[in-house]
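Trainee: The following block contains the structure, expressed as structure tokens.
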Amino acid sequence: MVRVGIMGGTFDPVHYGHLVTAEAAADLFDLSVVVFVPSGRPPHKQHQAVTDPWERYRLTELATCSNPRFRMSDVEVSRPGYSYAIDTVRAFRREYGEQAEFFFITGADAILEIMTWRQIDQLMAECRFIAAYRPGYDRDHLREAVARMEAFSGRIHLVEVPALAISSTDIRRRLYQGRSVKYLLPEPVIHRIVETGSYHPSSCHRQPRE
């Protein structure tokens, strides 16, 4: 049976925390592959400026291409409308078949809001969840929250990842201020950002939400 990790996220921009999380999940859960799925139009960020989907896809591709266990999917950036996890998982089910076992990799904050996700019952039936959290995160609160999701608690696995202290929000702030992001992002990603100016405050790659 093939075990597939689904690494969904905005990746705005992708950083080492994402890569370390994916690699740790692959090791801990014996995943055959981890598929990075940059969101096209994330429904939870309707009122925020988000970098162009295809630019985020290209940056993530640069960051992941050297790892043979990682691959990319444009299933969400190619899809019109909002990006919902259930639609993505169903697309992978058609691709990988009924025998595949899916592990959706996300952050602890997302898990706390998971009951608001579209068609959560069907989503939980299709895949298990790996919730990554950083050192210092309130692990007891997280465990209690998961335990309250009675029917789903056995489908959610908690994993501590030290590199998650890196955040895309902080990286964007550094880029806007002209500060160094060295050792926070892979070098090819930094080179692309400098070349395109995609994270300059006036960049046309930034898309405001209505």
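Trainee: Restricting the search to segment 59-100, which residues are exposed (fewer than 14 other Cβ atoms within 10 Å of the Cβ) and not in a loop (DSSP other than H, G, I, E, B)?
Mentor: Arg94, Glu95
Trainee: Those residues that are basic (Lys, Arg) and either within 14 Å of Arg3 (Cβ to Cβ) or out of contact with any Ser or Thr (no Cβ under 9 Å at 6 or more places or on another chain) (or both), I need them from segment 72-121; list them, please.
Mentor: Selection gives Arg90, Arg93, Arg94, Arg118.
Trainee: In segment 1-58, what residues are touching a strand residue (DSSP E or B) at 6+ places or on another chain (Cβ under 9 Å), polar (S, T, N, Q) and either surrounded by fewer than 17 Cβ atoms within 10 Å (Cβ to Cβ) or in a helix (DSSP H, G or I) (or both)?
Mentor: If the condition is that a residue be touching a strand residue (DSSP E or B) at 6+ places or on another chain (Cβ under 9 Å), polar (S, T, N, Q) and either surrounded by fewer than 17 Cβ atoms within 10 Å (Cβ to Cβ) or in a helix (DSSP H, G or I) (or both), then Thr21, Ser32 are the ones that fit.
Trainee: If you don't mind, there's one more thing I want to ask. Among the residues of segment 161-184, which ones are of a type outside the set (S, T, N, Q), part of a loop (DSSP other than H, G, I, E, B) and either modelled with pLDDT under 90 or within 16 Å of the chain's Cα centre (by Cα) (or both)?
Mentor: Once the filter is applied, which keeps residues that are of a type outside the set (S, T, N, Q), part of a loop (DSSP other than H, G, I, E, B) and either modelled with pLDDT under 90 or within 16 Å of the chain's Cα centre (by Cα) (or both), segment 161-184 yields Val161, Ile166.
To keep it simple, each residue is scored yes or no on (1) within 25 Å of Val194 (Cα to Cα); (2) at pLDDT 95 or above.
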| residue | (1), (2) |
| --- | --- |
| Met1 | no, no |
| Gly5 | no, yes |
| Pro38 | yes, yes |
| Pro80 | no, no |
| Ala91 | no, yes |
| Glu95 | no, yes |
| Leu112 | no, no |
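Trainee: Can you name the condition, by its number, that Pro68 falls short on among (1) touching a strand residue (DSSP E or B) at 6+ places or on another chain (Cβ under 8 Å); (2) within 22 Å of Leu185 (Cα to Cα); (3) not hydroxyl-bearing (Ser, Thr, Tyr)?
Mentor: It fails just one condition, (1).
Trainee: Now for a separate question. Just need a number here: residues in segment 185-204 that are exposed (fewer than 12 other Cβ atoms within 10 Å of the Cβ) and farther than 30 Å from Leu28 by Cβ.
Mentor: Looking only at that region, the number is 4.
Trainee: On to the next question. Can you tell me which residue within segment 149-184, out of those that are under 11 Å from Gly17 (Cα atoms) and of a type in the set (Val, Ile, Thr), is surrounded by the fewest Cβ atoms within 10 Å (Cβ to Cβ)?
Mentor: By that ranking, first place goes to Ile166.
Trainee: In the set Gly81, Gly178, Gly97, which member is touching a Lys or Arg at 6+ places or on another chain (Cβ under 9 Å) and not hydroxyl-bearing (Ser, Thr, Tyr)?
Mentor: That would be Gly81, the only listed residue that is touching a Lys or Arg at 6+ places or on another chain (Cβ under 9 Å) and not hydroxyl-bearing (Ser, Thr, Tyr).
Trainee: Also, I was wondering about something else. If the Cβ limit is 7 Å and pairs must be 6+ apart or interchain, which residue in segment 62-82 that is in contact (Cβ under 8 Å) with a residue 60 or more places away in the chain pairs with which residue that is in a loop (DSSP other than H, G, I, E, B) and surrounded by fewer than 18 Cβ atoms within 10 Å (Cβ to Cβ)?
Mentor: none
Trainee: Further, regarding this structure: Tell me which residues, restricted to segment 56-87, are more than 16 Å from Ala22 (Cβ to Cβ) and among the β-branched types (Val, Ile, Thr).
Mentor: Val75, Val77, Ile86
Trainee: All but one of (1) in a helix (DSSP H, G or I); (2) at pLDDT 95 or above; (3) closer than 21 Å to Arg3 by Cα hold for Leu158; state the number of the condition that does not hold.
Mentor: All conditions pass for Leu158, except number (1).
Trainee: Moving on to the next point. Kindly provide the set of residues from segment 124-137 that are over 16 Å from the mean Cα position of the chain (by Cα) and either part of a helix (DSSP H, G or I) or modelled with pLDDT of 95 or more (or both), ordered by number.
Mentor: Correct list: Met124, Ala125, Glu126.
The values are calculated or read from the model by the stated rules, or taken from the named source; none is laboratory data. As the structure is a computational prediction, the values presented were derived from the model and not from experiment. As a convention, Cβ positions derive from the backbone with ideal geometry for all residues, glycine included, and neighbour counts pool all protein chains shown.
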